[in-house]
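See below for the structure under consideration.
The values are calculated or read from the model by the stated rules, or taken from the named source; none is laboratory data. Note that this is a predicted model, so its numbers are computed, not measured. Cβ placement follows ideal geometry from the backbone for every residue including glycine, while neighbour counts extend to all protein chains displayed. Ligands, DNA and RNA are excluded from the accessible area calculation, which covers all protein heavy atoms including side chains. Shrake-Rupley method; radii C 1.70, N 1.55, O 1.52, S 1.80 Å.
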Amino acid sequence: MPPKPCALCHTERAIIKRPKTGQQICKDCFFRVFETEVHNTIVDSKLFKPGDRVAIGASGGKDSTVLAYVMKTLNDRYDYGLELFLLSIDEGITGYRDDSLETVKRNQVQYGLPLKILSYDELYGWTMDAVVAQVGRKNNCTFCGVFRRQALDRGAAALGVDHIVTGHNADDIAETVLMNIMRGDIARLGRCTLICTQSEDTIKRSKPFKYAYEKEIVMYAYFKKLDYFSTECIYAPDAYRGHARAFLKSLEAARPSAIIDIIHSGEAFEVAEQVQQGMKAQQTCKRCGYISSNDLCKACTLLEGLERGLGSLAVKDSKKLESDSTTAPDASMRTIPFFQRTPGAAAAVEEPTPA
Amino acid sequence: MSSDALALKVEFTGGLELLFDNKKKYTVSLPRTTDDAPTNLTHLILWLKDNLLKERPELFVEERTVRPGILVLVNETDWELEGEGDYQLKDGDEIIFISTLHGG
């Protein structure tokens with residue numbers, strides 16, 4: 001086939017077909033439109049204001065690596081006036097997270113951004129390796145997900161940042177919409193398409209890649225030769241999410257707009273008032289001060305289960321465990337340090353060493 | 001390399017290399033014609049599945065193409081611009097398979 005010219009500049013040879021628009025464009029135009037669309041998302045949603053301290057949740061994987069690169073590029077190009085940090089969570093998974101953290105450490109140098117690493121071990125007293133040794137491979141994703149969310153907030157509080165950005169892309173969000181529909185999780189269905197979430201006691205979180213297709217993120221990383229880590233977690237991946245993902249990818253292959261269409265569907269759902277009344281109000285955990293819809297937050301419940309050697313019960317029957325436990329733990333039990341936000345107070349970070 | 005064969009550079013990345021003996025780069029030799037037709041990318045994908053793939057073929061191939069979510073580049077160009085599986089391979093072509101399904 002003869003080379004096709006770029007649909008935008010009409011001079012260079014097209015190298016990618018955009019899934020969102022079907023346009024065939026060249027490498028330079030692709031970089032420009034990808035970055036500009038993320039910039040437009042940031043501006044339209046008024047995500048930041050000058051002087052904001054922003055932590056980029058960095059796993060070393062493709063999405064967060066591209067996010068760190070693009071955030072730094074846009075902050076310089078458009079003069080956002082942001083102070084950027086990399087924040088990584090070390091789940092304690094030998095042969096997986098230890099390797100991906102090496103990638104983050106290289107990114108720290110490559111992008112000149114300060115890095116803070118917070119480990120499950122220092123926060124909860126349990127690595128994921130130890131959790132899996134107790135609960136097995138079946139339910140460990142529940143622990144990891146709950147622990148990570150809270151760890152990111154606590155790492156952000158330690159950095160004294162105003163805002164956490166994560167690399168969730170359009171595919172991730174569409175997948176979550178599907179999962180919430182299939183699980184009937186009305187509360188999450190309403191929240192999961194929001195570009196920015198904030199409640200009184202948590203740090204603002206947003207997803208600048210909300211409208212960025214995974215294909216474009218991977219192509220961007222490839223053509224920019226970005227250094228990212230791409231190994232599957234060694235513990236069983238979330239099987240339910242895996243099915244949703246495979247289904248979504250098949251839909252995308254048949255009709256690329258499916259991803260953005262599902263996000264729009266998720267945004268268009270309105271939760272009726274009578275349904276909202278049935279939802280639990282948010283409060284703070286009586287043990288650790290973190291936001292919770294029960295007396296004990298999910299992390300404290302899971303941690304108590306682990307400490308009592310009943311880890312699997314905490315997943316399957318957390319209500320039972322909760323009703324058995326008082327809000328005061330046994331003195332011998334490991335608990336999570338009390339959650340406090342100290343805006344502006346920065347913890348020690350590893351300053352980037354010159355390359 | 002004899003004139004009746006195609007020498008191709010094949011690369012697996014984004015986690016796909018794990019299915020191919022944890023090795024990213026291969027040089028493969030394919031006949032110029034397969035099943036009485038010029039050898040194309042579909043033939044290459046099926047050949048890779050039968051000859052280089054070490055485990056879990058369902059993570060690489062679905063029906064007669066790559067599993068949805070795997071990106072393919074032909075000489076640094078999105079294969080969607082090159083006719084996908086119908087692209088007729090040329091001697092010296094570089095084909096890259098990138099998984100988008102791993103990690104975030």
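A few comments on the model shown:
- Answer residue from the range A:1-32, given it is β-branched (Val, Ile, Thr) and in contact with an Asp or Glu (Cβ under 9 Å, 6 or more places away or on another chain) and is farthest from the other protein chains (Cβ to nearest Cβ) among those: A:25
- Restricting attention to the range A:239-258, the residues that are basic (Lys, Arg), farther than 16 Å from residue B:59 by Cβ and in a helix (DSSP H, G or I) add up to 0.
One line per residue, one yes/no per condition, for (1) outside any helix (DSSP H, G or I); (2) surrounded by fewer than 21 Cβ atoms within 10 Å (Cβ to Cβ):
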position: A:47; (1), (2): yes, yes
position: A:56; (1), (2): yes, no
position: A:69; (1), (2): no, no
position: A:76; (1), (2): no, yes
position: A:81; (1), (2): yes, yes
position: A:86; (1), (2): yes, no
position: A:92; (1), (2): yes, no
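- Any hit, the range B:33-40, residues being at positive phi and either buried (at least 19 other Cβ atoms within 10 Å of the Cβ) or without any contact (Cβ under 8 Å) to a residue 24 or more places away in the chain (or both): yes
- Selection count, the range B:59-104, where residues are surrounded by fewer than 16 Cβ atoms within 10 Å (Cβ to Cβ) and more than 10 Å from chain A (Cβ to nearest Cβ): 6
- Test result for residue A:184, free of Cβ contacts under 8 Å to residues at least 12 places away in the same chain, in the same structural domain as residue A:107 (by TED's automatic domain parsing) and out of contact with any Phe, Trp or Tyr (no Cβ under 8 Å at 6 or more places or on another chain): yes
- Residue count for the range A:67-85 under the criterion of being closer than 21 Å to residue A:116 by Cα, more than 13 Å from the chain's Cα centre (by Cα) and of a type outside the set (Gly, Ala, Ser): the result is 10.
- Filtered residue count, the range A:207-231, keeping only those that are touching a strand residue (DSSP E or B) at 6+ places or on another chain (Cβ under 8 Å), at pLDDT below 95 and closer than 25 Å to residue A:159 by Cβ: 0
- Residue count for the range A:134-156, restricted to those that are small (Gly, Ala, Ser) and open to solvent by less than 10 Å² (accessible area, probe 1.4 Å): 3
- Per-region count, the range A:224-268, residues at the interface with chain B (Cβ under 9 Å from one of its Cβ atoms) and touching a Pro at 6+ places or on another chain (Cβ under 8 Å): 5
- Taking the numbered list (1) open to solvent by 30 Å² or more (accessible area, probe 1.4 Å); (2) part of a loop (DSSP other than H, G, I, E, B); (3) not polar (S, T, N, Q) in turn, residue A:60 passes all entries but (1).
- Flag for residue A:270 being open to solvent by 40 Å² or more (accessible area, probe 1.4 Å) and over 20 Å from the mean Cα position of the chain (by Cα): yes
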